[in-house]
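The values are calculated or read from the model by the stated rules, or taken from the named source; none is laboratory data. Predicted, not measured: the structure shown is a model, and the values here were computed from it. Here the Cβ positions follow ideal geometry from the backbone for every residue, glycine too, while neighbour counts run over all protein chains shown. Keep in mind that these areas ignore ligands, DNA and RNA; they rest on the heavy atoms of the full protein, side chains included. Shrake-Rupley method; radii C 1.70, N 1.55, O 1.52, S 1.80 Å.
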Amino acid sequence: MSLKQIKLVPVFLAAAVIVVVCAVQSLRFTGDGSNPFERLEWITHNWRAQYAVNLKPPVAGNLAFVWIDDLSIKRVHEGKSLGLRDGYGLYWPRMIYGRVVRELRRQGARATAFDVLFSDSRPFDKGYFLSNRVDIADGGTNSTPIFQDSDDFLAEQMLKAGNVIIASTPGLVAHPMFERAAASLGDISSSPDADGVLRRTRPMQTMRIWNANIIQQLGHQFSIEDAEIGEKQIIFRNSEDGLYKLPLDRQGRFNLYLLTADMLPGLENSIPESEHWQKPFESRQVWHMGIVAAAMELGLDLKNARFSDREVFIPGTNGVDRPLPLDHQGNLLIDWAIPDEARARGDKRLRADGIEYLLLNDTERQEGHEIPPEETFQFKNKLVFIGSSATGNELSDRGVTPLGHETLLVSKHWNVANSILTNRIPIRSGAAFEYFVIILLGAFAALCSWWMKPPWSTLAIVAVGGAYSWYAFDLFARTREWIPIFMPIVGAMLWNHGIMIAYQVVFEGQERRRIRGVFSKLVSPNVVNELLGQKDIHLGGQRRRITVFFSDVRGFTTMTDEMQKYADDHVAKHNLVGDEAEQFRDQVAAETLETVNLYLATIADQIKKHNGTLDKYIGDCVMAFWGAPTPNEAHAVACVRATIDAQLAMDELNIQRASENARTELENERRLANNQPPLPLKRLLVMGSGVNTGTAIVGLMGSEAHIFNFTVFGREVNVASRLEGVSGRSRIIIGEATFRDLETFDPELAATCVEQEAVHVKGIGNAVRNWEVPWRIHKQDRSEETLRLARLADGGVAPVDSPENKT
């Protein structure tokens with residue numbers, strides 16, 4: 001993989017993460033909630049709902065709740081304390097609800113909404129006591145109580161009130177008697193999300209309102225709502241595997257005459273012929289109970305509501321309209337602004353009381369007692385919702401909502417009504433906004449992870465993610481707008497951050513190990529560390545101003561020839577043949593290579609010491625450069641200083657080896673006296689150096705599969721090589737550009753340089769100006785013996801800084 005490709009990998013990774021996160025987010029617009037990431041987003045909605053309700057937002061002031069709790073059931077069971085002639089168990093006669101409607105009407109309630117199903121008639125319920133009839137024939141001593149049918153009493157009170165909303169569900173609608181008496185039906189069905197939490201509701205559902213004759217004649221034996229409806233017949237079943245097939249004509253009508261003949265023989269002849277053919281049911285739009293109550297208060301025209309994909313617009317009859325935003329499934333989000341009665345009893349925003357309070361007041365009124373003024377109109381102009389808060393298995397109406405696991409489900413009605421009354425209807429952000437947030441935060445996390453090092457990148461991402469989360473919570477509390485949290489933060493930000501960190505640890509770490517492997521033997525460890533510490537490592541071909549160093553070990557060829565002659569003489573003198581001869585020659589060759597490596601290593605050590613880049617060994621020549629891969633403005637000074645130290649190091653090595661040779665010569669005199677072969681003397685080598693500064697092409701050259709080298713090439717490199725060729729023995733020759741840099745960055749060193757005669761070199765058209773850099777002046781306390789050994793090492797040539805040249 002090329003360096004350019006390596007640099008593009010993080011971009012592709014970040015883009016891939018963002019695309020995947022957007023794809024996952026898009027599933028919420030087509031899925032059914034089985035997406036686990038969407039469920040995690042739902043949890044953040046729960047937290048926001050709890051946060052918002054704790055702030056106690058302003059709510060409509062005309063909402064009320066009448067509960068039926070365990071105490072209510074107990075008091076109705078006792079009966080007489082509430083003015084009831086008898087006590088009743090769990091299944092109350094409908095006249096009790098009729099009395100509640102009557103009392104709320106007297107108090108001036110704006111609407112009464114029952115979260116109680118009246119799906120059947122109860123002819124056997126004990127009716128409402130009207131009066132006692134005196135039996136005159138018996139002398140007036142006996143009386144008979146007169147009752148009104150319980151269902152009739154409730155229907156009568158509903159008609160008188162004219163504002164009663166009764167419950168219906170798609171599977172269980174109100175009985176026709178009550179449906180005709182009520183002002184409206186209200187849908188009370190609940191459709192929790194896939195995780196079991198109730199967050200949204202259908203604004204309106206189409207329900208079947210069955211023919212009253214079918215309910216009357218079949219309802220006690222068969223399940224009406226579970227009927228199987230076909231083109232030619234309707235099949236009704238019961239729990240005992242019984243069934244009844246009701247034929248239909250081509251217009252989908254049934255014959256009431258035939259039905260009555262089957263179910264109530266003898267009564268069919270009383271049916272007028274004009275009523276023989278009837279529709280089995282009617283389809284009716286039933287709105288959510290909370291919407292119906294709010295519509296009564298605001299004067300909204302539900303019959304002329306207009307539906308679109310993401311909104312239902314309800315026009316008003318008095319200038320007030322309400323557009324209701326819907327989600328992709330056509331659901332209305334519930335704003336849980338007002339908690340259930342367990343909390344609301346201490347919350348003055350919701351008027352709440354038990355049903356027994358209304359029954360007691362109704363009894364007091366019927367008996368002619370005066371009602372205290374503070375209790376006479378407690379529900380005046382209120383939208384009153386009546387429902388169960390009891391704890392029994394058959395009476396409990398609790399479920400899981402964003403506010404808790406035991407929320408009264410009747411509370412969804414007043415919360416829906418409240419959101420419409422206050423025009424604070426929850427809305428979830430659209431796809432375009434969600435994709436924009438994911439792209440924005442994902443790109444930020446990727447850039448932050450790429451440009452900043454841990455832990456600062458992590459802290460920055462946590463800070464931005466926290467700020468966005470706080471904004472999402474605050475936005476929901478203020479406007480009820482639900483913007484995504486989980487996928488933008490966990491998906492786009494944290495996934496991108498994790499992948500970027502993993503890339504840096506694995507892939508970029510691998511690349512840095514490769515770079516370390518390439519440069520660890522070419523430059524000093526601190527240069528390697530500085531190179532790896534750079535954010536952008538440019539190892540491809542590029543133009544850089546550098547200083548190039550060439551150094552050649554002088555005397556290498558002569559030493560090789562001498563060592564070869566020494567080996568041949570030794571083999572001939574001692575009559576060595578075969579493997580012994582080859583073994584001795586290999587030993588001499590190894591000593592020769594060891595000597596050269598010693599001098600080359602001495603030069604390389606000084607290059608690394610001055611943070612240069614060791615390019616290559618070319619036989620007995622060393623090539624190095626400064627100014628790349630790490631920038632160094634004073635690279636010429638560093639190179640010249642390294643060259644001086646290399647000459648000094650070579651000089652010290654030669655002095656050490658010359659001293660050892662002096663001791664070896666004394667030892668050889670002793671060995672000759674004892675007819676022993678003399679020991680070989682160590683060869684003394686020197687170097688000539690050429691340095692030049694200029695612009696060259698720098699980069700990795702070669703193939704990773706074979707030889708891969710970080711090198712330089714260009715005209716100025718060739719000039720440095722040619723200057724090394726004219727440097728001679730133990731001399732440092734620099735080009736004009738190098739000298740000018742010394743004047744700029746190290747004037748004292750430049751002042752010691754001595755200009756030489758311009759030279760013509762191969763491949764360069766004009767004569768090249770050059771300077772010699774004295775290097776022995778940088779070594780202190782040189783004794784006469786040291787100078788003698790130095791001259792011996794230099795082959796008898798006096799360098800420019802020797803005492804002979806200081807006259």
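A few notes on this one:
- Members of region 698-719 that are within 30 Å of Gly765 (Cα to Cα), among the hydrophobic types (A, V, I, L, M, F, W, C) and at pLDDT below 90: Val698, Leu700, Met701, Phe710, Val712, Phe713
- Taken over region 742-789, the residue count meeting the criterion of being hydroxyl-bearing (Ser, Thr, Tyr), modelled with pLDDT of 85 or more and more than 60 Å from the chain's Cα centre (by Cα) is 1.
- Set side by side, the residues Asn661, Asn675, Asn668 differ, and just one is in contact with a Pro (Cβ under 8 Å, 6 or more places away or on another chain) and over 30 Å from Thr693 (Cβ atoms), which is Asn668.
- Within region 51-71, residues that are touching a residue at least 40 places away in the same chain (Cβ under 8 Å) and surrounded by 20 or more Cβ atoms within 10 Å (Cβ to Cβ) sit with their Cβ atoms under 8 Å from residues that are part of a loop (DSSP other than H, G, I, E, B) and of a type in the set (Ser, Thr, Tyr), at 6+ positions apart or across chains, in these pairs: Val59/Thr422; Ala60/Thr422; Trp67/Ser389; Ile68/Ser389.
- Residue in region 588-602 that is surrounded by the fewest Cβ atoms within 10 Å (Cβ to Cβ), counting only those that are touching a Leu at 6+ places or on another chain (Cβ under 9 Å) and not aromatic (Phe, Trp, Tyr): Leu598
- Scanning region 759-774 for residues that are open to solvent by 70 Å² or more (accessible area, probe 1.4 Å) and either among the acidic types (Asp, Glu) or in a strand (DSSP E or B) (or both) yields one hit, Arg769.
- Failed criterion for Ala295 (all others in (1) open to solvent by 30 Å² or more (accessible area, probe 1.4 Å); (2) assigned to a helix (DSSP H, G or I) hold): (1)
- Test: Leu441 is assigned to a helix (DSSP H, G or I), open to solvent by 10 Å² or more (accessible area, probe 1.4 Å) and in contact with a strand residue (DSSP E or B) (Cβ under 8 Å, 6 or more places away or on another chain): no
- Test set (1) under 30 Å from Gln217 (Cα atoms); (2) assigned to a strand (DSSP E or B); (3) modelled with pLDDT of 95 or more - Thr112 fails condition number: (1)
- With respect to the conditions (1) at pLDDT 90 or above; (2) open to solvent by less than 10 Å² (accessible area, probe 1.4 Å); (3) not in a helix (DSSP H, G or I), Asp615 falls short on a single one, namely (1).
- Single residue of Thr401, Thr407 found to be in contact with a strand residue (DSSP E or B) (Cβ under 9 Å, 6 or more places away or on another chain) and modelled with pLDDT under 95: Thr407
- Every residue from region 636-655 that is open to solvent by 10 Å² or more (accessible area, probe 1.4 Å) and within 18 Å of Glu748 (Cα to Cα): Val637, Ala638, Arg641, Asp645
- Within region 73-87, tally of residues that are surrounded by fewer than 17 Cβ atoms within 10 Å (Cβ to Cβ) and at pLDDT below 85: 6
- Contact map, region 156-183: residues that are free of Cβ contacts under 8 Å to residues at least 40 places away in the same chain paired with residues that are assigned to a helix (DSSP H, G or I) and open to solvent by less than 20 Å² (accessible area, probe 1.4 Å), Cβ distance under 9 Å, separation 6+ or inter-chain. Pairs shown: Leu159/Ala181; Arg180/Ala155; Ala181/Leu154; Ala181/Ala155; Ala181/Gln157; Ala181/Met158; Ala182/Ala155; Ala182/Met158.
- Restricting attention to region 271-292, the residues being outside any loop (DSSP other than H, G, I, E, B) and open to solvent by less than 90 Å² (accessible area, probe 1.4 Å) number 12.
- Region 206-242 - residue that is within 53 Å of the chain's Cα centre (by Cα) and of a type in the set (Lys, Arg) and, of those, surrounded by the most Cβ atoms within 10 Å (Cβ to Cβ): Arg208
- In region 471-512, the residue that is most open to solvent (accessible area, probe 1.4 Å) out of those that are modelled with pLDDT of 95 or more, among the aromatic types (Phe, Trp, Tyr) and more than 15 Å from the chain's Cα centre (by Cα) is Tyr471.
- No other residue among Ile438, Ile338 is at pLDDT 95 or above and within 44 Å of the chain's Cα centre (by Cα) apart from Ile438.
- Within region 158-188, considering residues that are more than 12 Å from Ala113 (Cβ to Cβ) and assigned to a loop (DSSP other than H, G, I, E, B), the one modelled with the lowest pLDDT: Gly171
- Search result, residues across region 277-309 that are over 23 Å from Val116 (Cα atoms) and either in contact (Cβ under 8 Å) with a residue 24 or more places away in the chain or not charged (D, E, K, R) (or both): Trp277, Gln278, Lys279, Pro280, Leu298, Gly299, Leu300, Asn304, Ala305, Phe307, Ser308
- Of everything in region 176-205 that is basic (Lys, Arg) and under 21 Å from His328 (Cα atoms), the residue that is least open to solvent (accessible area, probe 1.4 Å) is Arg199.
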